[in-house]
1. What number of residues in region 63-87 are at pLDDT 95 or above and surrounded by fewer than 19 Cβ atoms within 10 Å (Cβ to Cβ)?
2. Residue check, Gln104 against (1) more than 16 Å from the ligand (Cβ to nearest atom); (2) without any contact (Cβ under 8 Å) to a residue 24 or more places away in the chain, all met but one. Which one?
3. Please identify the pairs in which a residue from region 2-15 that is exposed (fewer than 11 other Cβ atoms within 10 Å of the Cβ) has its Cβ atom under 6 Å from the Cβ atom of a residue that is not charged (D, E, K, R), counting only partners at least 6 apart or on another chain.
4. Among the residues of region 80-93, what is the count of those that are among the β-branched types (Val, Ile, Thr) and under 8 Å from the mean Cα position of the chain (by Cα)?
5. Could you list all residues from region 125-177 that are over 20 Å from Ser75 (Cβ atoms) and among the β-branched types (Val, Ile, Thr)?
6. Using the structure shown, decide if Glu96 is closer than 30 Å to Leu191 by Cβ, open to solvent by 10 Å² or more (accessible area, probe 1.4 Å), of a type in the set (Asp, Glu) and over 17 Å from the mean Cα position of the chain (by Cα).
7. Can you name every residue in region 16-47 that is more than 13 Å from the ligand (Cβ to nearest atom), assigned to a loop (DSSP other than H, G, I, E, B) and open to solvent by less than 30 Å² (accessible area, probe 1.4 Å)?
8. Across region 152-187, what is the number of residues that are within 19 Å of Gly130 (Cα to Cα) and buried (at least 17 other Cβ atoms within 10 Å of the Cβ)?
Amino acid sequence: MTITLPDLPYEYNALEPYIDEETMRIHHDKHHQGYVDKLNAVLEKYGDKMPKDATLEGLMEQFHSMGEPNVDDISFKNNGGGHLNHTLFWSIMGPEKEINEELQEDIKSTFGSIDSFKDEFTQAALSRFGSGWAWLVDNNGELEIYSTANQDSPYLEGHKPLIGLDVWEHAYYLKYQNKRADYIKAWWNVLKVIE
Ligand code: MN
């Protein structure tokens, strides 16, 4: 299995003024590329140990049952998560809204309203200490909000991530410095899948 960095589905400056072009260039071309390169290095080491039909999501779901993780396994968790997380992140943002009606209805029925969902999600993003992500996941048909540290993927828990917000400083520091709350508030404007 060899992973390639997916192109951004829009121009680097498409999310201006909410997310600036330079941040997008460094974030996609340097950070995400770095996860892809390190992931490929570890996948190469696994070699024949991996089933032919393995998927990254499936390997991630099996992570906790692999026994005592070794240094390569930790690298897989970090860099596989880094790749999966960022791939989702780019895909749910855009300069134009492309509402996912079904997801939007599920959010309303679970959290009461889009606004209360946003409040709870924002709280998860703000309260993550240090680097990590805020998530909306599908846990066996139920929507849940939580955050993870570092590049830990919801697939580690068998959950399908639907919306993810990167709150590593590399995602916002150039434009927002230490003001994570301002970045989160701006980000709702470029999240295309809900109002
Ligand atoms: Mn990132």
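1. Of the residues in region 63-87, 4 are at pLDDT 95 or above and surrounded by fewer than 19 Cβ atoms within 10 Å (Cβ to Cβ).
2. Result: Gln104 fails condition (2) only.
3. Thr2/Asn40
4. 1
5. Applying the first criterion (over 20 Å from Ser75 (Cβ atoms)) to region 125-177 yields 125-129, 134-147, 158-165, 167, 169, 171-177.
Those that are over 20 Å from Ser75 (Cβ atoms) and among the β-branched types (Val, Ile, Thr): Val137, Ile145, Ile163, Val167.
6. So Glu96 fits the description; yes.
7. Asp20
8. Residues meeting the conditions: 16.
The values are calculated or read from the model by the stated rules, or taken from the named source; none is laboratory data. Only a predicted model underlies this, so the values are computations on that prediction, with no experimental measurement involved. All Cβ positions, even for glycine, are placed from backbone atoms using ideal geometry, and neighbour counts span all protein chains on display. Just so you know, the surface numbers come from the protein's heavy atoms only, side chains and all, with ligands and any DNA or RNA stripped out. Shrake-Rupley method; radii C 1.70, N 1.55, O 1.52, S 1.80 Å.
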